[in-house]
1. So if I check each of 135, 112, which one is touching a residue at least 40 places away in the same chain (Cβ under 8 Å) and closer than 30 Å to residue 14 by Cβ?
2. Among the listed residues 86, 81, 30, which satisfies the condition of being over 24 Å from residue 138 (Cβ atoms) and either of a type in the set (Val, Ile, Thr) or without any contact (Cβ under 8 Å) to a residue 12 or more places away in the chain (or both)?
3. Quick one: which residue in 106, 101 is of a type in the set (Phe, Trp, Tyr) and over 24 Å from residue 35 (Cβ atoms)?
4. Among the candidates 98, 107, 56, single out the residue that is free of Cβ contacts under 8 Å to residues at least 60 places away in the same chain and hydrophobic (A, V, I, L, M, F, W, C).
5. I'm checking my understanding of the structure. Among residues of segment 80-112 that are aliphatic (A, V, I, L, M) and farther than 25 Å from residue 125 by Cα, which one is surrounded by the most Cβ atoms within 10 Å (Cβ to Cβ)?
6. Looking only at segment 105-134, how many residues end up being in a helix (DSSP H, G or I) and closer than 16 Å to residue 93 by Cα?
7. Pick out the one residue from 13, 76, 20 that is of a type in the set (Asp, Glu), surrounded by fewer than 17 Cβ atoms within 10 Å (Cβ to Cβ) and closer than 28 Å to residue 120 by Cβ.
8. Look at residue 64 and say whether it is closer than 24 Å to residue 141 by Cα, modelled with pLDDT under 95, of a type outside the set (A, V, I, L, M) and surrounded by 14 or more Cβ atoms within 10 Å (Cβ to Cβ).
Amino acid sequence: MPLPAPAILTAKERVRAMTEPAVVAAGACVACAVVAWANPTDPGNPLPRCPTKLLLGIDCPGCGSLRMIYSLMHGEFGAAVHYNAVALVTLPLLILALATWTAGRWLGRPVRSWQHWRWTPAVTLVVFIVWFVIRNLPFEPFRSLKV
């Protein structure tokens, strides 16, 4: 299915179209600054605990993501992989999604990317369910995936 031709946007329309991507990017920067300030690897940090871990005592698919981001910002790739490998793999995909959304806003038409593929929702769901299960298995080598 071919994509529509780019719309001719005026400068004012283009600035208005870039507002939402700029807000999302600024929000991500603020969130990273808060994570850098709070240091989630420190046991006494002010960030909230995972409700799944707090209530059920198991790791959810997102557990360790803040520590993964903190480690990644400090160049500790091995620690980032340990805290949440699946979230680490999804970061480039999320950045690509933001970039294609921004490009589409700039061009005045949708830009297709990985999130528009037919199997993306099913594959994403399966990956996160499998990650949720294997990181909570109580025997080696899966016990080492708990954070």
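1. 112
2. Within the list 86, 81, 30, the selection yields 30.
3. Answer to the selection: 106.
4. Values: 98 fails: free of Cβ contacts under 8 Å to residues at least 60 places away in the same chain; 107 fails: free of Cβ contacts under 8 Å to residues at least 60 places away in the same chain.
Residue meeting the stated conditions: 56.
5. 107
6. So the first thing to find is which residues in segment 105-134 are in a helix (DSSP H, G or I), and the list is 105-107, 114-116, 120-134.
Keeping just the survivors that are closer than 16 Å to residue 93 by Cα gives 114-116, 120-125, 127-128.
Matching residues across segment 105-134 total 11.
7. Values: 13 fails: closer than 28 Å to residue 120 by Cβ; 76 fails: closer than 28 Å to residue 120 by Cβ.
None of the others qualify; the one that does is 20.
8. Taking the combined requirement at face value, the residue satisfies it.
The values are calculated or read from the model by the stated rules, or taken from the named source; none is laboratory data. This one's a predicted model, so the numbers in the text were calculated from it and none came from an experiment. In this analysis, Cβ positions are derived from the backbone assuming ideal geometry, glycine residues included, and neighbour counts consider all displayed protein chains.
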